[in-house]
Every structure is written in C-alpha cells, then in structure tokens.
1. Give region 228-245 a look and list any residue that's within 14 Å of the ligand (Cβ to nearest atom) and on the phi < 0 side of the Ramachandran plot, or say none.
2. Pairs under 6 Å by beta carbon, first residue within 20 Å of Asp259 (Cβ to Cβ) and more than 13 Å from the ligand (Cβ to nearest atom) in region 301-312, partner open to solvent by less than 10 Å² (accessible area, probe 1.4 Å) and part of a loop (DSSP other than H, G, I, E, B), six or more apart or different chains?
3. Output the residues belonging to region 53-106 that are in a loop (DSSP other than H, G, I, E, B), basic (Lys, Arg) and closer than 16 Å to Ile147 by Cα.
4. Among the residues of region 56-65, how many are open to solvent by 10 Å² or more (accessible area, probe 1.4 Å) and either without any contact (Cβ under 8 Å) to a residue 40 or more places away in the chain or touching an Asp or Glu at 6+ places or on another chain (Cβ under 8 Å) (or both)?
5. Tell me which residues, restricted to region 128-171, are within 19 Å of the chain's Cα centre (by Cα), open to solvent by 10 Å² or more (accessible area, probe 1.4 Å), within 17 Å of Ala183 (Cβ to Cβ) and among the charged types (D, E, K, R).
6. Consider region 72-107. How many of its residues are within 16 Å of the ligand (Cβ to nearest atom) and loosely packed, with under 15 Cβ neighbours inside 10 Å?
7. Exactly one of these conditions fails for Arg40: (1) within 17 Å of the chain's Cα centre (by Cα); (2) open to solvent by 20 Å² or more (accessible area, probe 1.4 Å); (3) more than 25 Å from Lys337 (Cβ to Cβ). Give me its number.
8. Give the residues of region 318-345 that are surrounded by 17 or more Cβ atoms within 10 Å (Cβ to Cβ) and not in a loop (DSSP other than H, G, I, E, B), sorted by residue number.
Amino acid sequence: MRRRDFVQVGLAVAAHAALQVPATHAAAPSRRIPYGSAVRGDALVDDYDYRTVLAEHCQLVVPEGGLKWVVVRPSEDRFDFYEGDKLLAFADQNGMKMRGHTLIWHGAMPDWTSSIRGAEAAEKAMTKHIHTVVGQYKGRIPSWDVINEAIAEDPRGSDYLRPNLWLENMGKGYIETALRLAAEADPQAQLVINEYDIECVGEYYENRRNALLRVVRDLRDRGAPIHAVGFQGHLKGQYEIDKEGVSSFVAELKAMDVDVLVTELDVIDNLLPADEKKRDQVIAVRVTDLLEAISDANPPTAILTWGITDRYTWVPTWFTRDDGRLNRPLPLDRDYKTKPMMDAIKRFAARA
Ligand code: XIL
C-alpha cells in the first residue's frame with residue numbers, strides 16, 4: 001500500500017462523520033475464508049501503525065467493545081453509535097466488512113439495566129435494543145453475535161444456561177426471542193450464537209459443547225433463525241484441541257444446516273514456555289489444530305482474532321505470566337511483526 005493511502009485512512013477515521021473520503025484502495029483479494037480482527041476504537045484513532053496493519057491484513061473487523069450495551073446505551077433513552085459508526089467508516093474506506101458484537105451478553109451491561117424487572121419489561125427492553133441497534137446497521141453489518149456466552153460455566157442437567165438478566169426475567173425462551181428480533185430488524189444478517197471453552201480436550205469442554213448443541217437443536221426444532229455458532233477460540237495454550245470432539249460437534253451443527261465461524265481467536269500463553277520461539281510455535285499448533293478440526297467437518301465462514309497485535313490484547317487483564325514476561329496471544333507482535341500464528345491463519349485461509 002502507498003503511504004498516501006494510509007494518510008487518507010487516518011483522515012477518514014478522525015473525521016468519519018464529516019468527511020467523505022473516497023475509498024483508498026480496492027478490496028483485498030478474495031480468499032476462500034475471510035480473516036479479520038477485533039478493533040479498539042481509541043487505538044484506531046491514535047495509532048497510525050495499527051490502522052495500517054488492520055488495512056493490510058484484514059477483510060473483516062469487529063468492535064472489541066464499541067457495540068456493547070455499556071457503550072451504546074448510556075441511558076435507557078439514549079443510543080450512542082459513535083464507536084460503531086467510526087469502525088464502519090474505517091471498514092468501508094478499506095474494503096472490509098464489519099461484524100456486530102454483541103446484542104445479548106451478561107457482561108458490559110450499564111448499571112441502569114439492573115432495574116429491569118419482569119418478563120414484560122425485559123422483553124420490551126430487549127426489543128427496543130435489538131430493533132434499534134440491528135436496524136441502525138441494516139444491510140451494513142452482515143453478521144451479528146446475537147447471543148454471547150449463554151451456556152452455564154459448568155452446565156449440568158436443567159441448569160445448562162448461564163444466569164443473566166434475560167434468563168431471570170424471560171426464562172429460557174429469551175434466546176429464541178432475541179434471534180427473532182434480530183431477524184426482524186435485518187432479515188439478511190447471519191445470526192450467531194457465540195461461545196467460549198468449547199475447543200479443548202476434557203469433560204468440561206465436552207459438557208459445554210453438548211449443552212450448546214442442546215440449545216441449537218431446540219432452536220432448530222422451533223424454527224428459530226439461528227445461522228451459525230461462533231467459536232470464540234480464547235484457547236488456553238496448555239491444553240490440546242479436541243480434534244475429534246470439535247469435528248463431530250461441527251458435523252452435528254452442519255446436519256442442522258448451522259454454520260460455524262471463529263470469532264475471537266487468541267492463545268492464552270501464561271502457562272506456556274518462557275522461550276518466545278517455543279511459545280509462538282505451540283500457539284501456531286493450537287490455532288492450526290482448531291482450524292483443521294473445524295474444517296474437517298465444515299470450513300468456518302470467517303476467522304477473526306481478538307485483536308491483531310500483542311500491543312492491544314485483553315489477555316493480560318486475567319492471564320499475566322508469573323515470570324513477568326509479556327503475553328504473546330495474537331498474530332502480530334508488539335512491533336507489528338508477523339508471528340507464526342499469522343502464518344498459520346493465512347496458510348489456512350488461502351488453502352481452504
Ligand atoms: C473483552 C474485551 O476484550 C475487553 O477489552 C473488555 O474489557 C471486556 O471484554 N469474550 C467476549 C468479549 O465475548 O466481548 C470479551 O471482550 C472477551 C471474552
């Protein structure tokens with residue numbers, strides 16, 4: 001890309017509401033599987049190199065926080081689309097598509113929502129939110145994480161859903177209601193249920209895959225609009241991918257005509273070797289194993305990492321290393337240099 005193009009990208013971001021800047025370059029060459037990244041709104045404005053690598057590598061972007069309730073809903077009456085619009089302008093300028101994350105999640109809820117009580121009030125609040133937010137971007141955000149992290153941490157028996165405002169007030173049907181509301185607001189959008197800890201070996205992961213299958217089966221039986229399951233893919237680097245388990249899970253979804261995608265890939269490396277070369281190798285193996293296991297049954301419709309550079313990652317918030325070394329969970333290092341993880345993703349995306 002020419003230097004002048006980057007400057008225009010910067011202008012488009014800084015003044016996205018006021019400036020109509022022509023597209024800076026043609027869409028990236030089409031790959032069989034589009035790759036993308038979560039984006040931080042502040043870094044998008046402040047960091048020229050960050051914008052540059054996003055434009056260079058990504059066909060997709062998703063806001064890391066910019067479309068969560070806590071940002072979009074400062075109060076019951078207000079909707080704030082500043083962050084969403086800013087990222088969409090950047091995506092448009094650079095020939096990328098944007099995903100929406102997320103409509104229904106227990107996390108990142110503003111305090112005022114804790115006063116929502118009763119089935120009627122909850123459904124009213126859900127309807128207003130989903131209709132307004134999905135409606136705002138109708139035809140412009142082709143894929144939405146409608147439901148995020150709905151499975152209980154340790155699903156057992158009838159307690160397989162995670163408690164949240166919606167479950168408490170509306171019961172289990174809240175998932176179907178949310179999906180139907182999203183379909184009403186944008187009938188063309190891919191509607192996704194997004195989940196973590198469904199990738200690795202062990203009973204904990206297996207139980208979580210089974211609980212999720214149960215949710216999807218139930219939705220399909222009821223004719224609800226569910227198009228795909230998102231593997232968040234926050235992989236704990238010390239655990240192996242359950243290749244067989246993942247493949248058969250994806251095959252079961254495929255049999256129900258439900259696609260899969262990878263939505264938040266990173267490899268949590270606090271328990272991996274200190275040596276960076278070795279660490280990066282394990283990380284690339286985990287990523288390859290997951291992508292292959294999925295593809296053996298049905299190739300993912302997209303692959304997104306939860307950030308593109310180790311400079312901006314949520315991982316150290318929870319998983320700092322005891323030896324004081326910095327985390328390396330993402331495809332580019334802190335200086336934007338390509339790591340084996342990026343090579344693994346690109347190889348995979350191109351080959352598929
Ligand atoms: C995280 C962001 O990365 C953090 O910056 C924020 O403080 C909290 O949320 N699963 C999800 C994401 O679906 O929305 C979370 O993102 C990470 C776990």
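The values are calculated or read from the model by the stated rules, or taken from the named source; none is laboratory data. Just so you know, these numbers come straight off a predicted model, no measurement behind them. Heads up, the Cβs are rebuilt from the backbone with ideal geometry, glycines too, and the neighbour counts pull from every protein chain shown. Quick note on the areas: whole protein, heavy atoms, side chains included, nothing else; ligands and nucleic acids left out. Shrake-Rupley method; radii C 1.70, N 1.55, O 1.52, S 1.80 Å.
1. Val229, Gly230, Phe231, Gln232, His234, Leu235, Lys236
2. If the second residue must be open to solvent by less than 10 Å² (accessible area, probe 1.4 Å) and part of a loop (DSSP other than H, G, I, E, B), the pairs left are Ile303/Ile33.
3. Lys68
4. Selection size over region 56-65: 2.
5. Once the filter is applied, which keeps residues that are within 19 Å of the chain's Cα centre (by Cα), open to solvent by 10 Å² or more (accessible area, probe 1.4 Å), within 17 Å of Ala183 (Cβ to Cβ) and among the charged types (D, E, K, R), region 128-171 yields Lys138, Arg140.
6. Qualifying residue count for the region: 2.
7. Just one mismatch for Arg40, condition (3).
8. Passing the criteria: Leu332, Pro340, Met341, Met342, Ala344, Ile345.
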